[in-house]
Amino acid sequence: MTTHSKPVTPALKTLVIRLHFYIGLLVGPFIFFAALTGTLYALTPALEQAMYRDALTTASDNASETSAQPLSRQIAAAQDYLDDSALPSAVRPAPEPGATTRVMFAEPSLGAGEHRAIFVDPQSLEIRGDMTVYGTSGVLPLRRIIDQIHRSLMQGDPGRLYSELAASWMWLAALGGLAIWAVTPSPRVEPGKQTRTARRLRTRRRHSLLGLFLLVGLLALSATGMTWSKYAGDNFFTMLKAAGWGTPRVSQSLEAHDAAFDAHAEHAMADALPSAPGSLEAFDAVERQARAAGLDAGKIELLVPSDNQAWKVREIDRSWPSQVDEVAIHPQSFQVLDQVRFSDYPPAAKLTRWGIDGHMGILFGLPNQLLLATLGIGIMTMVGWGYAMWWRRRALNRDSQTLWQALLELPLSVLALISLVALLLGLAMPVMGVSLIVFLTVDALRTLVAARRSATG
């Protein structure tokens, strides 16, 4: 008895081609827009430095670290400027001679991660600027606007779905394109031939070659973009935490530390650092202790503690080599209670840190930013060529197999495996899962419409 199994390779090829087409057609605009805004973000650091130069630099002659006044006086100058004695929520001492100190205040009108920053000349105590800053990278208003557009279309959490949609599918589009290129003979077109088919084949060749050239960058951007997305990102960090690979943080809780606290050490430290925890002089003491504990990066941030919490001081230099160590300091004794060094991060946490910083153009400075801009322009070009191919093929009135037709031509075992993989990906990346259902629905409707036209035509 002879059994006939369905051929796997042609059906799989058809499925990959059709899925690649749907990603390009339906997700392509979101990928294009994310690439456009990401390119603008990558190209604006130098412009931002020029626009806000007065706030970022001092007017003092012969500025040096030794000529800087104590941090407490710089904070007092910011309070005088605001006519408000409230303590700042964070302070970033001037990272180098000639730079200003950022004294950052929380305000109810600001969004998550935003602070009102008063820029103070460390030598003269002159107020050099007053503006809203955002995030650990401390971006200023220009890049903050671009960042909000890139991340969420300035629509908050609902708007983040667009960037998550783009990141969730871009890696699969890239790998699908690689698979199509590998199994499809390269089209040969006579030089100078200008028929519609010839132009489409030339465009396809350019699209494929550019995709191959950018493949690693596409995968990296997609993976790192998903790490801070709403749903896939939350799932990713939950998995890292469950595996013990999450980013370690210092404990700021005083209850656990006070239970084992050495009273004699506390007495000695209090004698050496006689500052009240809520006084401005406490900032000076905390900065000294953090430096003594080994935080030697130029860029550090002092985070003011809430009740029953320790001070947190962290390095915030995310350029290579990464300097992101942090310490927790007792608010009364100023003893170092906990410390985390980047060298002690699990490998997955280090890769995550480097990936995010590379995605933001911070890790390797200008070369990193130029690489991101090149990737962004390349992605926009590929999407444009993809739409050109679709339009020219559409003009030729060529029908293609649908996703459903390709799926139903697969052997049952292969179909079951693909369904399982799709389910797992959909659970890990919910936006991808929901949009896949949309793809299949659109494909089914298209099939029904085509069938009715054939029946009535």
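May I ask you to say which residue of L12, L47 is of a type outside the set (V, I, T) and either at pLDDT 95 or above or under 14 Å from I146 (Cβ atoms) (or both)?
L47
Given the criterion of a type in the set (A, V, I, L, M, F, W, C), modelled with pLDDT under 95, out of contact with any helix residue (DSSP H, G or I) (no Cβ under 7 Å at 6 or more places or on another chain) and not assigned by TED's automatic domain parsing to the domain that holds L302, identify the matching residue among A76, A112.
Going through A76, A112 in turn, just one is of a type in the set (A, V, I, L, M, F, W, C), modelled with pLDDT under 95, out of contact with any helix residue (DSSP H, G or I) (no Cβ under 7 Å at 6 or more places or on another chain) and not assigned by TED's automatic domain parsing to the domain that holds L302: A112.
Tell me the helices (runs of 4 or more DSSP H) entirely within region 380-457 that contain at least 3 residues that are modelled with pLDDT of 90 or more and either in contact with a His (Cβ under 8 Å, 6 or more places away or on another chain) or crowded, with 17+ Cβ neighbours inside 10 Å (or both).
The helices (runs of 4 or more DSSP H) meeting that bar are 430-456.
In region 125-168, which residue that is among the polar types (S, T, N, Q) and assigned to a helix (DSSP H, G or I) is nearest to Q49 (Cα to Cα)?
The extreme case among them is Q148.
Regarding G211, is this residue out of contact with any Leu (no Cβ under 6 Å at 6 or more places or on another chain), touching a residue at least 24 places away in the same chain (Cβ under 8 Å) and on the phi > 0 side of the Ramachandran plot?
The answer is no for G211.
Can you tell me which residue in region 137-187 is surrounded by the most Cβ atoms within 10 Å (Cβ to Cβ), limited to those that are of a type in the set (S, T, N, Q) and out of contact with any Gly (no Cβ under 6 Å at 6 or more places or on another chain)?
Per the stated criteria, the residue is S168.
I'm trying to understand the selection: among the residues of region 298-324, which are farther than 22 Å from H359 by Cα and either of a type in the set (A, V, I, L, M) or in a helix (DSSP H, G or I) (or both)?
If the condition is that a residue be farther than 22 Å from H359 by Cα and either of a type in the set (A, V, I, L, M) or in a helix (DSSP H, G or I) (or both), then L302, L303, V304, A310, V313 are the ones that fit.
Consider Q194 against the criteria (1) surrounded by fewer than 17 Cβ atoms within 10 Å (Cβ to Cβ); (2) polar (S, T, N, Q); (3) touching a residue at least 60 places away in the same chain (Cβ under 8 Å): it satisfies all of them except one. Which criterion is unmet?
In the conditions (1) surrounded by fewer than 17 Cβ atoms within 10 Å (Cβ to Cβ); (2) polar (S, T, N, Q); (3) touching a residue at least 60 places away in the same chain (Cβ under 8 Å), Q194 misses (3) alone.
Please find, among R92, R102, the residue that is in contact (Cβ under 8 Å) with a residue 24 or more places away in the chain, touching a Leu at 6+ places or on another chain (Cβ under 9 Å) and either surrounded by fewer than 21 Cβ atoms within 10 Å (Cβ to Cβ) or outside the structural domain of W311 (by TED's automatic domain parsing) (or both).
Checking each option against the conditions leaves just R92.
Out of all the residues in region 181-235, which are modelled with pLDDT under 95 and β-branched (V, I, T)?
Within region 181-235, V183, T184, V189, T195, T197, T203, T227 meet the criteria.
The values are calculated or read from the model by the stated rules, or taken from the named source; none is laboratory data. Since the model is a prediction, treat every value here as computed from it, not as a measurement. Every residue, glycine among them, receives a Cβ derived from its backbone with ideal geometry; neighbour counts consider all protein chains shown.
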